[in-house]
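Below: one structure, written as structure tokens.
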Amino acid sequence: MLLACRFIRQSVSATFRLNYIEQTRSSNSATCPRSFILQHTEVVSDPLTPEIRLRLLTQRCEFWHQKPELWPYGDPYWAIYWPGGQALVRFLLDNPQIVRGGSVLDLGCGCGAAAIAAGMGGASYVLANDIDPVAGEAFKLNCELNSTKPLDFQAENLIGQEVAPWSLIVLGDMFYDEDLADLLHDWLGRCVGRHGTKVLIGDPGRTQFASHPVRRHLRQLAQYSLSESTKRENYGLTSSGVWSYEP
Ligand SMILES: C[S@@+](CC[C@H](N)C(=O)[O-])C[C@H]1O[C@@H](n2cnc3c(N)ncnc32)[C@H](O)[C@@H]1O
């Protein structure tokens with residue numbers, strides 16, 4: 001997952017660089033995330049979840065080839081549809097009974113695809129959460145794109161905080177860092193223990209996930225082959241799974 005962001009960071013195109021510095025500095029798009037996202041992403045849908053369209057950073061976008069220093073925000077995790085998120089979304093779209101009528105938290109929502117899938121499935125309340133506020137703008141645009149009723153977004157770090165009585169918490173590709181995985185393991189355990197919250201995790205088999213003690217508390221529910229384009233952009237990953245967390 002992080003490899004894709006690293007790839008973006010490492011991609012440099014000398015051709016556009018000087019022109020682009022001037023354009024970016026003279027426009028106000030960098031100070032308005034909404035216009036920036038509209039200008040610098042492409043509307044696409046992945047073959048694994050064709051029901052959902054997303055504004056993403058693709059190879060056809062100028063910034064894919066740009067020097068990373070010119071990117072005016074933090075790492076654009078929200079501009080990528082991560083393999084773990086894709087599996088989770090496929091699972092939610094195929095099993096809407098899991099979300100129907102319940103309250104759903106999409107923790108580390110990025111582009112917000114899982115929150116959108118929960119909204120499509122008939123959840124009574126959906127909160128998309130990500131510590132990157134720019135993800136909130138991308139999420140709003142993606143809701144509009146999918147004609148989903150406006151869903152709430154919160155940029156606060158909820159991990160470690162007092163747990164709320166969610167029916168379901170979904171996490172796409174959130175186990176990419178060992179320290180974060182430790183925190184999640186503890187916090188999710190409390191969510192389940194205190195409120196009986198159901199937890200679904202999407203992950204393509206990242207090392208930090210596969211080797212983490214959390215794995216002893218997971219039951220695999222599904223496994224999906226990734227699309228050719230996702231495989232190309234994720235160096236060697238070929239499939240992605242969905243697990244239920246049952247501590
Ligand atoms: C790999 S991306 C996954 C995005 C999305 N779930 C998907 O599968 O496409 C991880 C996301 O988690 C967010 N994140 C990292 N730490 C977080 C935290 N403590 N609370 C909420 N979001 C966090 C990042 O900003 C990023 O958008």
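The values are calculated or read from the model by the stated rules, or taken from the named source; none is laboratory data. Since we're looking at a predicted model, the values are computed, not measured. Backbone-built Cβ (ideal geometry, glycine too); neighbour counts: all protein chains shown.
For Pro72, indicate whether it is out of contact with any strand residue (DSSP E or B) (no Cβ under 9 Å at 6 or more places or on another chain), closer than 24 Å to Ser239 by Cα and part of a loop (DSSP other than H, G, I, E, B). It is false that Pro72 is out of contact with any strand residue (DSSP E or B) (no Cβ under 9 Å at 6 or more places or on another chain), closer than 24 Å to Ser239 by Cα and part of a loop (DSSP other than H, G, I, E, B).
Contact annotation: residue pairs with Cβ atoms under 6 Å, 6 or more positions apart or on different chains, pairing a residue in region 87-111 that is over 19 Å from Pro165 (Cα atoms) with a partner that is of a type in the set (Asp, Glu) and not in a strand (DSSP E or B), are Leu93/Glu51.
Which residues, taken from region 92-104, are away from the ligand (no atom under 16 Å from the Cβ) and not acidic (Asp, Glu)? Asn95, Pro96, Gln97, Ile98, Arg100, Gly101, Gly102, Ser103 - these are the residues of region 92-104 that are away from the ligand (no atom under 16 Å from the Cβ) and not acidic (Asp, Glu). Every test in (1) at pLDDT 95 or above; (2) more than 14 Å from the ligand (Cβ to nearest atom) is passed by Phe153 save one, and that test is (2).
Counting only residues that are assigned to a helix (DSSP H, G or I) and either among the basic types (Lys, Arg) or in the same structural domain as Pro50 (by TED's automatic domain parsing) (or both), region 87-134 holds 1 of them. Annotation note: Cβ proximity below 8 Å between a residue of region 229-247 that is farther than 17 Å from Gly172 by Cβ and a residue that is part of a strand (DSSP E or B) (sequence gap 6+ or interchain) occurs for Thr238/Ser225; Glu246/Leu218; Glu246/Arg219. Residues that are more than 7 Å from the ligand (Cβ to nearest atom) and more than 21 Å from Thr207 (Cβ to Cβ) were ranked within region 75-91; the one that is surrounded by the fewest Cβ atoms within 10 Å (Cβ to Cβ) is Arg90. Filter region 129-150 down to the residues that are within 9 Å of the ligand (Cβ to nearest atom) and not β-branched (Val, Ile, Thr), then identify the one that is surrounded by the most Cβ atoms within 10 Å (Cβ to Cβ). My answer is Ala135. Taking the conditions (1) in a helix (DSSP H, G or I); (2) buried (at least 19 other Cβ atoms within 10 Å of the Cβ) in turn, Phe153 satisfies each one other than (1). In the condition set (1) away from the ligand (no atom under 13 Å from the Cβ); (2) surrounded by fewer than 16 Cβ atoms within 10 Å (Cβ to Cβ); (3) part of a loop (DSSP other than H, G, I, E, B); (4) modelled with pLDDT of 95 or more, Tyr235 is compliant with all but (4). Flag: Val199 does not match the condition of being farther than 22 Å from Thr49 by Cβ, at pLDDT 95 or above, β-branched (Val, Ile, Thr) and in the same structural domain as Asn157 (by TED's automatic domain parsing).
What do you reckon, is Leu184 assigned to a strand (DSSP E or B) and either touching a helix residue (DSSP H, G or I) at 6+ places or on another chain (Cβ under 8 Å) or within 14 Å of the ligand (Cβ to nearest atom) (or both)? Considered against the rule, which asks whether it is assigned to a strand (DSSP E or B) and either touching a helix residue (DSSP H, G or I) at 6+ places or on another chain (Cβ under 8 Å) or within 14 Å of the ligand (Cβ to nearest atom) (or both), Leu184 comes out as no. Kindly indicate whether Tyr224 is in a loop (DSSP other than H, G, I, E, B), in the same structural domain as Trp166 (by TED's automatic domain parsing) and of a type outside the set (Gly, Ala, Ser). Taking the combined requirement at face value, the residue does not satisfy it.
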